[in-house]
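Trainee: Dropping the structure in here first, questions after.
The values are calculated or read from the model by the stated rules, or taken from the named source; none is laboratory data. As the structure is a computational prediction, the values presented were derived from the model and not from experiment. Note that each Cβ is placed from the backbone with ideal geometry, even for glycine, and that neighbours are counted across all protein chains shown. Keep in mind that these areas ignore ligands, DNA and RNA; they rest on the heavy atoms of the full protein, side chains included. Shrake-Rupley method; radii C 1.70, N 1.55, O 1.52, S 1.80 Å.
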Amino acid sequence: MTDTTVTTLVAATGLEPAPEPVSGSRAPRRRARTRAPKEPRRKITWDRIKAQRVLLLMAVPLLMYQILFKYVPVYGWAIAFQDYKPGRGSIWNQEWVGFENFVDLFTGVNGERFRRVVINTVGQSVLTLVVGTLGAIVLALLLNEVKNAPFKRVMQNITYMPHFLSWVIVASLASVALSLPSSGGFINQALLSVGLVQEPVLFLTEPNHFWGIVAGTSLWKELGWNTILYLAAITAIDPSLYEAAEVDGAGRYRKMFHITLPGIRPTIVVLLIINAGWILSTNFELPYFLGNGLISERAETIDVFVLRYGYQLGNYDLAVVAGIFKTLVAIILVGSANWAAKRLNQETLV
């Protein structure tokens with residue numbers, strides 16, 4: 001288009017032509033990246049508080065519980081920096097030793113033992129978390145595919161019931177199940193019947209089996225209960241997605257992998273972030289009741305170590321140091337998992 005033609009059009013319409021973009025100019029890209037203004041936050045007013053007073057009153061008991069049992073006891077962390085002796089009275093009458101207890105726990109006489117129990121705790125927790133998460137997801141997917149409602153309810157009730165058993169009872173059942181066939185050990189009996197082993201396996205005397213025993217027992221107890229959130233997330237998926245997939249010829253497995261799993265992915269990520277904070281707080285009862293001197297090198301966890309070496313022997317200051325260590329690691333793990341999820345554009349806690 002010539003300059004004469006442009007001048008004629010401007011004179012006829014009274015409109016200026018848009019300038020042609022300059023090659024390499026970043027202005028259009030800057031405008032494209034301009035974000036829409038955020039909606040202003042609603043201010044907290046007395047009218048809003050009055051309208052939500054019932055919800056606030058319901059939250060008061062939970063808030064008081066958290067303050068009383070979670071925050072008030074934190075002042076006891078002072079014991080970690082003292083040579084604590086109960087006979088001296090309150091914790092403010094003790095001798096302050098700085099970080100000496102931290103050095104003793106990690107590098108002292110029991111330093112190697114503590115490092116070993118940390119490895120045991122992490123190994124048992126990670127294995128239990130992976131097995132439990134995968135098992136719960138698979139069970140939720142399978143239950144979602146069951147069309148017979150009565151059968152589905154029966155299966156859910158059967159898988160939920162072990163959750164309500166005490167860990168002491170579960171540990172006793174696991175001990176009997178893993179014993180010799182003559183003592184009621186049906187696992188050994190089943191392995192012998194199908195020819196997988198030629199002689200009974202002494203599960204509770206071989207250290208290498210213990211992590212798997214903890215993960216398997218926890219899976220049996222909590223499998224059904226852990227599926228509740230995943231089933232709830234599945235019910236929130238738009239049914240029209242399944243209908244559209246059927247029209248396109250998608251089968252049951254394709255719908256499962258391309259609709260159901262992506263639909264519950266935010267729930268999976270959030271639960272993994274929450275569970276990351278419990279990596280060093282593995283189950284206490286199973287290692288305590290199923291562990292023995294023959295397998296202590298793989299069975300002893302931080303909580304069992306704190307009980308036996310800390311409280312039973314009167315080393316209260318070292319027990320508190322171990323508790324502080326668990327708390328700091330939990331905060332780091334949760335923060336790291338939340339940051340990683342945010343970097344991957346997944347759901348996060350904050």
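Trainee: For residues in the range 138-160 being closer than 29 Å to L192 by Cβ and in contact (Cβ under 8 Å) with a residue 40 or more places away in the chain, which is surrounded by the fewest Cβ atoms within 10 Å (Cβ to Cβ)? Walk me through how you get there before you give the answer.
Mentor: Residues of the range 138-160 that are closer than 29 Å to L192 by Cβ, as a first pass: 138-139, 158-159.
If we keep only those that are in contact (Cβ under 8 Å) with a residue 40 or more places away in the chain too, we end up with 139, 158-159.
Working: L139: 19, I158: 10, T159: 19.
The qualifying residue surrounded by the fewest Cβ atoms within 10 Å (Cβ to Cβ) is I158.
Trainee: Check every one of the helices (runs of 4 or more DSSP H) wholly within the range 246-350 and list those with 2 or more residues that are hydrophobic (A, V, I, L, M, F, W, C) and out of contact with any Phe, Trp or Tyr (no Cβ under 8 Å at 6 or more places or on another chain).
Mentor: So the answer is 261-276, 316-343.
Trainee: Another one. Condition first: over 23 Å from F210 (Cβ atoms), within 18 Å of the chain's Cα centre (by Cα) and part of a helix (DSSP H, G or I). Can you find one or more residues in the range 114-129 that meet it? Before you say what the answer is, go through the steps one by one.
Mentor: We begin by selecting, within the range 114-129, every residue over 23 Å from F210 (Cβ atoms); these are none.
Scanning the range 114-129 turns up no residue that is over 23 Å from F210 (Cβ atoms), within 18 Å of the chain's Cα centre (by Cα) and part of a helix (DSSP H, G or I).
Trainee: Which pairs do you get when a residue that is within 18 Å of V320 (Cβ to Cβ), found in the range 101-117, comes within reach of a residue that is among the basic types (K, R) and open to solvent by 70 Å² or more (accessible area, probe 1.4 Å), reach meaning Cβ atoms under 8 angstrom, with the pair 6+ apart or on two chains?
Mentor: Short answer, once both residue conditions are applied: F106/R115.
Trainee: Within the range 262-278, can one find any residue that is more than 27 Å from A330 (Cβ to Cβ) and of a type in the set (K, R)?
Mentor: Within the range 262-278, none of the residues are more than 27 Å from A330 (Cβ to Cβ) and of a type in the set (K, R).
Trainee: Now for a separate question. Looking at this structure, is V118 farther than 22 Å from L280 by Cα and of a type in the set (V, I, T)?
Mentor: No; evaluated as a whole, the condition is false for this residue.
Trainee: Looking at the range 33-44, can you tell me whether even one residue there is modelled with pLDDT under 90 and polar (S, T, N, Q)?
Mentor: The answer is yes, given that some residue of the range 33-44 is modelled with pLDDT under 90 and polar (S, T, N, Q).
Trainee: Within the range 285-310, which residues are free of Cβ contacts under 8 Å to residues at least 40 places away in the same chain, among the hydrophobic types (A, V, I, L, M, F, W, C) and open to solvent by 40 Å² or more (accessible area, probe 1.4 Å)?
Mentor: Residue satisfying the conditions is L307 alone.
Trainee: Tell me which residues, restricted to the range 209-242, are part of a helix (DSSP H, G or I) and either of a type in the set (D, E) or within 16 Å of the chain's Cα centre (by Cα) (or both). It would help to see each step written out before you state the result.
Mentor: Of the range 209-242, the ones part of a helix (DSSP H, G or I) are 209-235, 239-242.
Passing the criteria: A215, S218, L219, E222, L223, W225, N226, T227, I228, L229, Y230.
Trainee: Of everything in the range 161-181, what is crowded, with 16+ Cβ neighbours inside 10 Å and either within 23 Å of the chain's Cα centre (by Cα) or among the charged types (D, E, K, R) (or both)? Give them in sequence order.
Mentor: P162, W167, V170, A171
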